[in-house]
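Okay, so here's the structure we're looking at.
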Amino acid sequence: MSQQDFTLGQRYVSDTEPELGLGVVLQVSTTTAEIGFPAAGERRTYSIKQAPLSRVRYNIGEKIKHQDGQALTITHVMEQSGCLLYEAVDADDQTRAVPEFELDSFVQFSKPRERLFSGQIDKSNHFSLRYRSRVLRHHSEQRSGFGLGGARVSLLPHQLYIASQVASRYAPRVLLADEVGLGKTIEAGLILHRQLLTGRAHRALVIVPDTLMHQWLVEMLRRFNLSFTLLDEARCQSLEGKDCDDFVDEFDEPEDFNPEDIINPFESAQLVLCSLSFITDNPERLEQASAADWDLLLVDEAHHLEWNREQASLEYQAIEQLARVARGLLLLTATPEQLGVESHFARLRLLDPDRYYDLEAFIAEQKSYQPLSELVEHLNSVRPEDAEVTGDLFDAQINELAEYLDQASIDRALAQAKTQSLQLAIDQLVEVLLDRHGTGRVLLRNTRHGISGFPERILHLNPIELADDDAKALGQYPLEVQLKPEGYWAEQGDWWLFDPRVEWLKSLIKAKRGHKILVICADGDTAQSLELYLRLRHGIASTVFHEGMNLINRDRAAAYFADMEEGAQVLIASEIGSEGRNFQFSQDLVLFDLPLNPDLLEQRIGRLDRIGQAGSVNIHLPVYHNAAAPQAQAKLADWYHHGINAFEHTCAIGQSAFTAFADKLVPLLADCGADINPLLKETADYAQTLNDELQAGRDKLLELNSCRPGPAQAMVDALEALDEDDTLPEYLMRALDSFNVDYERHSDISWVLHPGEHMRVDPYPGLPESGLTVTFDRDVALSRDDMSFLSWEHPLVRGTLELIADTEFGNTAVATLKLPPLKPGTMLVEAVYCLYTPAPASLQLSRYISQPVMRVLMDTNGKDFAQVLGADKLNQILQKVARPTAQELVRHSREQIGAVLDNTELAVAPLRAGQVAEAKHKVSEDIGREIERLQDLAKVNPNIRSEEIDYLSDRLAQSLEYLDNASLKLDAARVIVAV
């Protein structure tokens, strides 16, 4: 662009900042031009030689707008001294002369045709990237596992099944009651993640015990990329502006005071996390939380909410108040029935008070399902693998089935057995029976009896002889010191030089060279001292993990331990190491001390005892031994091992047993001369009774309903296939290059991303200023907390897709093509159309649209080459064109290009009706089938809420209406000239 091209009053649009609107030339020098942008109130000075500007010229027949707001149609265009003068007519056919400097500046060129003809031409490879982005996003959202595969979690069938079933419902209200170690928090996170991504939920409140606040905050961020706002009193006061020094609690309200102007801290964020004590100790905060609008309320450790027929605890009342206003409710507890049927009923009462209003009726109903459970178990046992199938093998169960199913369902099963397979018939019968099971829709529970994949746990008890003097002296200290004896040894100097456990640990580490060893002790100071001693005095590759470290440093320590080649052999963690982190790549756990809490012991072991653990878990426990003065550590170890069997098996009854025997156990531990053996027998008998009751009370029907193996495994297989697909790294590399985001390879499957100096957008979605280390491998992500797991659902990837597909990026281009069959000078226009349905995200209409984009490649004679030259093939042979050349080509061929674009629109117009009809059929079939199913179930299962059916009916009606109003929209246009 040369200097004489610029004249005062000319109109330009910025290629890099089109949002500024229409600019006008204000001043021209020999080297620069100053452009004003009245719409944005901005001025820019550009170098004449490299100005990223496009001249705006309107043609005859186009619509323009005068700065006074009048709309006009151009009838004639003249040029005077470098500026354009438009002759135009208004709606009344009155002619008006409009100099270009009087054009309305509030103009946005975002539509492909507008941008193309205004000279805003993108790179040809950006056009290709836009097309690919639309296709890939559509495929991602159409997957049945959408919202489940992107979390940093192992693909476990029972978790995926529960999450899929619950997250697909409208405003789900369920009790998640998996046993310890099966991942209730992960299930809740998956449900929330999927509901947010599919638009079924927008706002969620999570309420947890004080001790779990940090764990939930970290888990939601690290595993699901969900950033929660943590609310406590200080944060609320800050949001309300009450933390100022000059704030006065009592003040005279101004005359214009409006109560609605008061800020509700619970409305300050979409995702809020707070403690249960925070809302029970502050009635005002409870009222504020109840006044906010929640799509989903999640409550962890729900068994602590006490209720009986006479009264309810403050905690129960608070959750009950919130449960009434929240549309969806997830209650998490590992002990749904261990606290008694009344306590169990109290939880269900929160989910649906209209359904669960009478305790006696509930007890009677539960008993009535026992015969049904036995029937389902018997049906499942009839499984001839390769037999010639008939219905004879389960004729004996027909009479029993008739008590629970209508004759039509039974007849269908009999016919299926004869014409297809007995196994298929039985599967169908079981599925229908499970659907109709009482609490199976609101209570979901998996147990270790029904889930495979857990490792063997082996206890290695290591007695350490303690001198008589030390044994007697230590026994005089309070129990807390006896269980954490470093306090005793500290009186003699540096405790690690005197405590015999340290020498034992050093020997174990050296004997286990090459093995990853996790050491857990109660206190952060103990962990730090121990790690320093081992690393500095004995050269052991170790790292430490404690509550005094910030999140970044904890991640680094965990990553150093997880590095299998050059990482630490030993990680020494304080008690916080037993919360939230999984180190299942290690098989050796050292319990440097023992907690006086069975649940805490299970949490420690649970860092290694996870589904997917490759080997047996070796639990190494050093205990002081002195025959004359039995030590507290040794006695507690005996009670855990021989009393409740807590080391080598998951102990579901541990806390109940501790509560029952605490009054006897604690004094025996504190008295170094006391004999604990009589209590061991009493505890073991009690534990056996509890375990027998739990086993007898296992609801097999409920467990089957909580994880149906076939569908669950199908989800796992689909997500594993997606993990192995290498499309994402290839796509993301192209996208990051296009936006000038810096990245370097960390390894074959991991990258390090950094904001580039010349990024097209800043900040880049999902990319922090400090950068991001990412991996495309799920297993690496599970062992490396310092790496983000990149999937199609990660915020950075979704942000990239939106940045490309939902803006004007790449929606115009010009390229050349050398192809012998085409004569030089032949012009083609590649037009991409999409079916535009501006519907709420919660309807997920994209799932029903089979063809995300419609592509036409047409020449000036109206011939379509799209089938001959596919998008991928064409992109490989196109050549780029310099922007000035492209702008000049479009300007000279504008009329011709416009005519071809008109023809492409005519060519795709008939496709709309077919696309809409197909989508409406899929919607009607999908939602209609679910409505019929729920209506049938509602006749026999009172857990089917009427609002669920009403919601689906409304959703079906809305979906059909929005599809009726769908329109074809030109999404991108590329001009191609044969050379």
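So what's the net charge close to Gln321: Lys and Arg +1, Asp and Glu -1, counting the other residues with Cβ under 14 Å from its Cβ? So the surrounding residues net to -1.
Which entries of Lys123/Lys818; Lys63/Lys969; Lys111/Lys818; Lys484/Lys664 show an alpha-carbon separation above 26 angstrom in the structure shown?
Exceeds cut-off: Lys111/Lys818.
Beta-bridge orientation, the chain: approximately 55 percent antiparallel, per DSSP, counting only bridges with both partners inside. Residues within the reach of a label modelled at Ser168 (point 7 angstrom out along Cα to beta-carbon, backbone nitrogen below 17 Å), restricted to segment 916-937, are 922-937.
Working note: 222 nm ellipticity from helices only, DSSP H runs with n ≥ 4, each -39,500 (n - 2.57), summed and divided by the residues of the chain, gives -12500 deg cm²/dmol to the nearest 500. Estimated at 0.36 nm per residue, the fully extended path between Asp563 and Ala71 surpasses their Cα-Cα distance by 170.5 nm.
Would you please give the FRET efficiency between Asn282 and Asp786, computed as 1/(1 + (r/R0)^6) with r the Cβ-Cβ distance and R0 = 41 Å, to the nearest 0.05?
Calculated value: 0.65.
Peptide packing for 459-466, 62-69, 419-426 was compared via the average number of neighbouring C-beta atoms within 10 Å per residue; ordered from the highest value, the list is 419-426, 459-466, 62-69. Calculated FRET efficiency, Ser144 to Asp411, Cβ-Cβ distance, R0 = 25 Å: about 0.25 to the nearest 0.05.
So how strong a dipole does segment 721-793 carry about its Cα centre when Lys and Arg Cβ are +1 and Asp and Glu Cβ are -1, to the nearest 20 debye?
The dipole of segment 721-793 has a size of about 200 debye.
The stretch between Ser452 and Asp748, if pulled fully straight at 0.36 nm per residue, gains 103.3 nm over its current Cα-Cα span. The calculated FRET efficiency for Asp358 paired with Glu310, based on their beta-carbon distance and R0 = 25 Å, is about 0.95. Only Lys, Arg, Asp and Glu carry charge here, each on its Cβ (+1 for the first two, -1 for the last two); on that basis the chain has a dipole of about 4300 debye about its Cα centre.
I'd like to compare 854-862, 902-910: which one has the highest average count of other Cβ atoms within 10 Å, and what's the full order after that? Let's see the in-between values first.
Values: 854-862: 17.7, 902-910: 15.1.
Listed from highest to lowest mean packing, they are 854-862, 902-910.
Cα convex hull, the chain: 257 Å³ per residue, rounded to a whole number.
Think of segment 812-978 as a dipole: +1 on every Lys or Arg Cβ, -1 on every Asp or Glu Cβ, centred on the Cα centre; then among Thr837, Ala909, Val890, Val890 lies furthest on the positive end. Along its principal axes, segment 3-108 has C-alpha extents of 44, 27, 17 angstrom, given from the largest down. Look at Val56, Val868, Val617 and count the other Cβ atoms within 10 Å of each Cβ; fewest to most, that gives Val868, Val56, Val617.
Can you give the Rg to Rh ratio for segment 812-978, taking only C-alpha atoms and Rh from Kirkwood? Could the numbers behind the result be given before it?
Details: Rg = 22.3 Å, Rh = 18.8 Å.
Value, to two decimals: 1.19.
Seen through its C-alpha gyration tensor, with square-root eigenvalues sorted a ≥ b ≥ c, segment 457-626 comes out prolate because a/c lies at 1.5 or above while a/b is bigger than b/c. Take the Cα of Asp864, go 7 Å toward its beta carbon, and the backbone nitrogen atoms of segment 898-934 under 13 Å from that spot belong to 903-915. Length gained on full extension, Thr659 to Leu424, computed as 0.36 nm times the residue gap minus the Cα-Cα distance: 79.8 nm. Among residues other than Arg203 with Cβ under 13 Å from its Cβ, the summed charge is -1 (Lys and Arg +1, Asp and Glu -1). Here the simple spin-label model places points 7 Å from the Cα toward Cβ, and for His649 and Lys969 these points are separated by 6.1 nm. Along the positive direction of the dipole of segment 457-626 (beta-carbon charges: Lys, Arg +1; Asp, Glu -1; about the Cα centre), which of Leu497, Ser507, Pro485 reaches farthest? Towards the positive end, the residue furthest out is Ser507. The three principal axes of the C-alpha atoms in segment 634-763 carry coordinate ranges of 74, 43, 25 Å, sorted with the longest axis first. Note on segment 3-108: dipole from Cβ charges, positive end direction compared against Ile64, His76, Ile35; the farthest Cα belongs to Ile35.
What ranking, highest mean first, results for peptides 964-974, 676-686 when packing means the other Cβ atoms within 10 Å averaged over each residue? Could the numbers behind the result be given before it?
Details: 964-974: 18.6, 676-686: 15.4.
Descending packing order for the listed peptides: 964-974, 676-686.
Taking the beta-carbon count within 10 Å as an exposure proxy, list Thr837, Thr95 from fewest neighbours to most.
With the fewest neighbours first, Thr837, Thr95 line up as Thr95, Thr837.
Label-to-label distance for Gln321 and Gln94 is 6.4 nm, based on points extended 7 Å past Cα in the beta-carbon direction.
Classify segment 571-652 as rounded, prolate or oblate from the Cα gyration tensor: take a ≥ b ≥ c as the square roots of its eigenvalues, call it rounded if a/c is under 1.5, otherwise prolate when a/b beats b/c and oblate if not. Spell out each step's value before the answer.
Numbers: a/c = 1.96, a/b = 1.74, b/c = 1.12.
Judged from the Cα gyration tensor, segment 571-652 comes out prolate (a/c at least 1.5, a/b above b/c).
Look at Tyr86, Tyr731 and count the other Cβ atoms within 10 Å of each Cβ; fewest to most, that gives Tyr731, Tyr86. Calculate the spin-label point distance for Lys242 paired with Thr7, positioning each point 7 Å from the Cα along the beta-carbon direction, and give it in nanometres. Roughly 6.7 nm, to one decimal.
Treat every Asp and Glu Cβ in segment 62-206 as -1 and every Lys and Arg Cβ as +1, leave all other atoms uncharged, and give the resulting dipole magnitude about the Cα centre to the nearest 20 debye. Spell out each step's value before the answer.
Details: 19 positive and 16 negative charges, 277 e Å.
Here the size comes out at about 1320 debye.
No lab work stands behind these numbers, since they all come straight from the coordinates. Because the structure is a prediction, the values reported are computed rather than measured. For neighbour counting, all protein chains shown are included, and Cβ atoms are generated from backbone atoms with ideal geometry for every residue, glycine included.
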